[in-house]
Amino acid sequence: MRAWSVLLASEVNLWLAGFLFGAMAVITMMIPLMNQKGLVVDCHVGVIGSTALLGGPQAALASILFPCVYLISLGDTDLLNGLLGIVVPCVLGVLCNLWYRRRKDYWLTLRQVFVFSFLVGLGTNLAVSGYYMFEAVMNGFANIGLAGAVIIFFVSPITMALLCTLLVLEQRHSEAVLLLAETERRMLYSQKMAAIGQLAHKISHSVLNSLTLIVGEVALAKTGNMEPVRLNTCLDNINSAAECLSKVTGELVAFATPGAMRYLRLDLSKCLAGVKQMLSEMSGPDIQIVVKGEHAAGLVDVDPDRIEQVIMHLAVNALEAMSNPGRISVTVAAANLSARDHARIQSGVHRKNLHHGTFAVLSVQDTGCGMTEEVVHRIFEPFFTTKERRENVGLGLSTVYNIVQRHHGFIDIKSSLGAGTGVHVYLPVVSA
């Protein structure tokens, strides 16, 4: 059914294109060129020939309908001559079209365009000249002169060659754009499948490690001759492995299906309530925690629980990047973006989805080890990490990315080795 619909659409397009070029031929017939000696020339032969050459029989038949009706409506006494100038280029163009398509040459070269154009144009002129007979043609040449004769014989093939060249180049451009889009789609699909494969490998590795630990500890506990202290250690190991499994599966669920969002319109700074106390308990005395929110940042539509999840994931990642005493700053403020930065953070977004107003920015900055540019580009990939201990690596930053995307926000990371990292989450302001 799909193949039939595509074929039907193609046939309809050919007929519509033929009617359109037929109307163009009529316009050229209505506005001819005339010199002082009364020589009248128009370009309808080039238009009809181009349609037949590139569109084939369907487009050719459609293209001669309007010119024939127009010519008959004029009531010209030399009607047969006019019909020859319409039908002959149509027939010759169709023959050339059938010839090169039979050879499977679906791409016309520019050389073929010029050859076919001159065959159709000069063939039409010879057919019309044969109708007038040789003596009448010579008398006509004597009246219009050599320049007029050259114009008559070469205006049709030249106009047809120019029009065909423009159409062929446009066709190639359209095909190239479609090919580029298809190539990009295939590339994105292959990258997606590669990410899914990597995700499955990492998850299975974490699950198998935890299950191996659980099975081993259970086997030891079942011996029945273990001391209470050793038995408690086995139970603690089993509990830790179960918690690890729960964490991985929980993050996977949050990553794949984040659940329904409960949007509230509020000041972004209100999402910082209680953040300092939680981070202080996690970080210890060597890490200074700075939390600051500006109430002038503007109102945003957010799910407070999800934004708190974003803050905690980013803060935990910052803590793990700091091996020495340092500082973590969590701030909310109005984003003072230049026009260039405003366009940069929204690069790749469809025009209709662009936010032309202001943004509120949530920033998490640390004084840790920083990251290279290559790491920054991969930081939100599932299970990507630069940590030496990989057993606790999850989907935290990938979940952050998904949450920000669902808030129609953008993430900008600024980092360099030895100078710390700043993660800036821009959320569109709905009311100042």
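The values are calculated or read from the model by the stated rules, or taken from the named source; none is laboratory data. It should be emphasised that the depicted structure is a prediction, and the values quoted were computed from it without experimental measurement. Cβ: placed from backbone, ideal geometry, glycine included. Neighbour counts: every protein chain shown.
What to note about this one:
- Any hit, the stretch 297-317, residues being surrounded by fewer than 19 Cβ atoms within 10 Å (Cβ to Cβ) and either touching a His at 6+ places or on another chain (Cβ under 6 Å) or of a type in the set (Gly, Ala, Ser) (or both): no
- For the stretch 327-355, a residue qualifies if it is farther than 22 Å from Leu266 by Cα and in contact with a strand residue (DSSP E or B) (Cβ under 6 Å, 6 or more places away or on another chain), and the qualifying residues are Arg327, Ile328, Ile345.
- Matching residues, the stretch 344-376, being surrounded by 12 or more Cβ atoms within 10 Å (Cβ to Cβ) and in a helix (DSSP H, G or I): Arg344, Ile345, Val375, Val376
- Condition check for Val425: β-branched (Val, Ile, Thr) and either modelled with pLDDT of 90 or more or surrounded by fewer than 19 Cβ atoms within 10 Å (Cβ to Cβ) (or both): yes
- Among residues of the stretch 65-82, those that are surrounded by fewer than 22 Cβ atoms within 10 Å (Cβ to Cβ) and modelled with pLDDT of 85 or more, counted: 8
- When each of Arg327, Arg340 is tested for being in the same structural domain as Ile379 (by TED's automatic domain parsing), among the basic types (Lys, Arg), outside any loop (DSSP other than H, G, I, E, B) and more than 20 Å from Gly293 (Cβ to Cβ), the lone residue that passes is Arg340.
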